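Trainee: Mind looking over this structure? Questions follow.
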Amino acid sequence: MSATAQQEELDERRGEPAASWTAPVQLRQLTAHPDGSRPLVSVVIPTRHEAATIDPFVHRVLDALDGVACELIVVDDSDRDNTVEVLLRLQEQLGERLVVVHRPRGSVANRTLGTAVVTGIRAARGVYVCVMDADGQHPPEAIPHMLVAAQQGEADYVGGSRYLPGGSAQGLDGVSRKIISRGLALVTRLAFVATPVRTVTDPLSGFFLFRRALVDGVELKPVGWKISLEVLVRSHARYLTEVPYTFAQRADGDSKATLQQGLLVLQHLLVLLLTATGLGRFATFALVGLTGVGVNTGILLGLQAAGFDALTWPIWVAAELAILWNYTLNKHVTWRDRRRYGRWWLYNAAALGASVVAIQITMLLATAGHAALWLASLAGIAVGMGLNYAILDRVVFASMARLSILRTSPLGRSPRAESSADRPSANPVARPTGRVRSGAR
Ligand code: GDD
Ligand code: MN
């Protein structure tokens, strides 16, 4: 099936009314699964300091899945309360139906919510995997509806959505988190506009279900919390649908979300764009530059609002902070395979040099060339950007071996050949083979 035909089919499916997913579920069909020995669904639940709520929550999930062949996998990273003791007691009662993975402090290199979910996914045996929070904000009662949507609609991925009609984000604390959540969802859909992800209303939901085979052999490397996006993009899921749900108030305790997690979403988006979609280095560099323009303008306007004269020192401070912002993103995303080479002072010098050239070209075109100012300015920016990219790629993020041709080498050592890791790979798209269902159905 061609990509367009697949897209048409997808669009058709998405046109179905959301209400059909909320009709009464026939549980009998959910107990049947291909080989009878595996659960139909593995529910992966990450926990950190949820001692007060985890016991009733596990029972609530089991009640919601009454009659469904299921297993629960709780991956616990608590160190300040007795969540794990509660879990082990539950495990004695429930046997095989509950798998507990405890990761004490220091036991894994990167102990975050993201890696906890990946650990749970890897331990899962079910045909489907459902990921959800332990604090009661995601309703387990929606899981049967998600399973039906997955089976009847033959969907690869069924997301819970707070933004479909019938769903709600009422439980998000505060107006600012609601705005950030909506904004990030929109940015995500725009960033992946060339993929099926653009059709998902809540791509950053922590509540989602997918066919486990989708991630077989796919390396999941979450940055921050957004595993749904990681699964969606890296697995190249094609058939996507959503079920509305209400994001409830937290039952107890506090959210562990931080501003840093919000910012990590942007980094995650860039990493995925670069590594999973085959977007080239230059496009990523351009995207980073665009975020830098936002930072520059934001700081400038902020300082002006604070009563400073924007055209004196603030204009320099804003520019320098934007350069440092771009430097950090370019180092960790655009040239992350060569990040050990990037020095901030060299980066700064390159940015400064490129700006001077851009300004000179704009001036020359506007005066001697009599070009309109907007055209002169655009031309200056285009040349400056190209030049900046070339210097960053050839000098700033180049290995010392490359740089040594710029210096005189007193020992006369011949430059070391660049290791293969330093070279941008010819085909940066790591596509899993045979994992995505082909069009024939
Ligand atoms: N294992 C483990 N390790 N679990 C963690 C960690 C960790 O480092 N940090 C948080 N958790 C668990 C919590 O115990 C809870 O079950 C779940 O992950 C979500 O944490 P919350 O602190 O309740 O997050 P939230 O409610 O602010 O954010 C939720 O909603 C977002 C949507 O706006 C999460 O589901 C996010 O993933 C989601 O994007
Ligand atoms: Mn929560």
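The values are calculated or read from the model by the stated rules, or taken from the named source; none is laboratory data. Everything numeric here is computed off the predicted structure, so don't read it as measured data. Note that we place each Cβ from the backbone using ideal geometry, even for glycine, and neighbour counts take in every protein chain shown.
Trainee: List pairs: first in the range 104-115 and within 8 Å of ligand 1 (Cβ to nearest atom), second basic (Lys, Arg), Cβ under 8 Å, 6+ apart or cross-chain?
Mentor: So the pair list comes out as Arg111/Arg103; Arg111/Arg105; Leu113/Arg48; Leu113/Lys256.
Trainee: Now for a different question. If I filter the range 238-264 down to residues being among the β-branched types (Val, Ile, Thr) and either free of Cβ contacts under 8 Å to residues at least 40 places away in the same chain or within 16 Å of ligand 2 (Cβ to nearest atom) (or both), which single residue comes out as farthest from Gly159 (Cα to Cα)?
Mentor: Thr258
Trainee: To continue, here is another question. Is there a residue being buried (at least 21 other Cβ atoms within 10 Å of the Cβ) and assigned to a helix (DSSP H, G or I) anywhere in the range 94-113?
Mentor: yes
Trainee: Determine which single condition Leu264 fails, assuming it passes every other condition in (1) farther than 24 Å from Pro196 by Cβ; (2) of a type in the set (A, V, I, L, M); (3) within 14 Å of ligand 1 (Cβ to nearest atom).
Mentor: Of (1) farther than 24 Å from Pro196 by Cβ; (2) of a type in the set (A, V, I, L, M); (3) within 14 Å of ligand 1 (Cβ to nearest atom), only one is false for Leu264: (1).
Residue-by-condition table, conditions (1) polar (S, T, N, Q); (2) more than 16 Å from ligand 2 (Cβ to nearest atom); (3) at pLDDT below 90:
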residue	(1), (2), (3)
Val131	no, no, no
Gly136	no, no, no
Ala149	no, yes, no
Ser161	yes, yes, no
Leu164	no, yes, no
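Trainee: Additional query: Just checking, which of Ile45, Ile54 is outside any helix (DSSP H, G or I), modelled with pLDDT of 95 or more and surrounded by 15 or more Cβ atoms within 10 Å (Cβ to Cβ)?
Mentor: On the way: Ile54 fails: outside any helix (DSSP H, G or I).
Criteria check complete, one pass: Ile45.
Trainee: On to the next question. Identify the residue in the range 129-163 that is on the phi < 0 side of the Ramachandran plot and acidic (Asp, Glu) and, among all such residues, is surrounded by the fewest Cβ atoms within 10 Å (Cβ to Cβ). Can you show your working first?
Mentor: First pass over the range 129-163, keeping only residues on the phi < 0 side of the Ramachandran plot: 129-135, 137-153, 155-163.
Now restrict to residues that are acidic (Asp, Glu): 133, 135, 141, 156.
Details: Asp133: 19, Asp135: 25, Glu141: 14, Asp156: 24.
Restricting to residues being on the phi < 0 side of the Ramachandran plot and acidic (Asp, Glu), the top hit is Glu141.
Trainee: Name the residue, out of Leu88, Leu98, that is closer than 24 Å to Gly160 by Cα and of a type outside the set (Asp, Glu). Show your work before the answer.
Mentor: On the way: Leu88 fails: closer than 24 Å to Gly160 by Cα.
Matching residue, one of Leu88, Leu98: Leu98.
Trainee: Among the listed residues Leu373, Leu387, which satisfies the condition of being without any contact (Cβ under 8 Å) to a residue 60 or more places away in the chain and more than 25 Å from Leu270 (Cα to Cα)? Walk me through how you get there before you give the answer.
Mentor: Working: Leu387 fails: more than 25 Å from Leu270 (Cα to Cα).
Matching residue, one of Leu373, Leu387: Leu373.
Trainee: Does Leu232 satisfy being farther than 24 Å from Arg122 by Cα, within 17 Å of the chain's Cα centre (by Cα), assigned to a helix (DSSP H, G or I) and within 16 Å of ligand 1 (Cβ to nearest atom)? Let's see the steps before the verdict.
Mentor: On the way: farther than 24 Å from Arg122 by Cα: no; within 17 Å of the chain's Cα centre (by Cα): yes; assigned to a helix (DSSP H, G or I): yes; within 16 Å of ligand 1 (Cβ to nearest atom): yes.
Taking the combined requirement at face value, the residue does not satisfy it.
Trainee: Anything in the range 155-199 that is part of a loop (DSSP other than H, G, I, E, B) and within 13 Å of ligand 1 (Cβ to nearest atom)? List them, or say none. Before you say what the answer is, go through the steps one by one.
Mentor: To start, the set of residues in the range 155-199 that are part of a loop (DSSP other than H, G, I, E, B) comprises 155-156, 162-167, 169-173, 192-195.
Matches in the range 155-199: Arg162, Tyr163, Gly167, Ala169, Gln170, Gly171, Leu172, Asp173.
Trainee: Only one of Ser235, Ser181, Ser228 is within 16 Å of ligand 2 (Cβ to nearest atom), in contact with a strand residue (DSSP E or B) (Cβ under 9 Å, 6 or more places away or on another chain) and in the same structural domain as Ser42 (by TED's automatic domain parsing). Can you tell me which? Working first, answer last.
Mentor: Numbers: Ser235 fails: within 16 Å of ligand 2 (Cβ to nearest atom); Ser181 fails: in contact with a strand residue (DSSP E or B) (Cβ under 9 Å, 6 or more places away or on another chain).
None of the other options fit; the residue is Ser228.
Trainee: Looking at the range 58-75, is at least one residue within 16 Å of ligand 2 (Cβ to nearest atom), in the same structural domain as Arg212 (by TED's automatic domain parsing) and under 24 Å from the mean Cα position of the chain (by Cα)?
Mentor: yes
Trainee: Among the residues that make up the range 103-114, is at least one of them away from ligand 2 (no atom under 15 Å from the Cβ), under 20 Å from Val200 (Cα atoms) and of a type in the set (Ser, Thr, Tyr)?
Mentor: no
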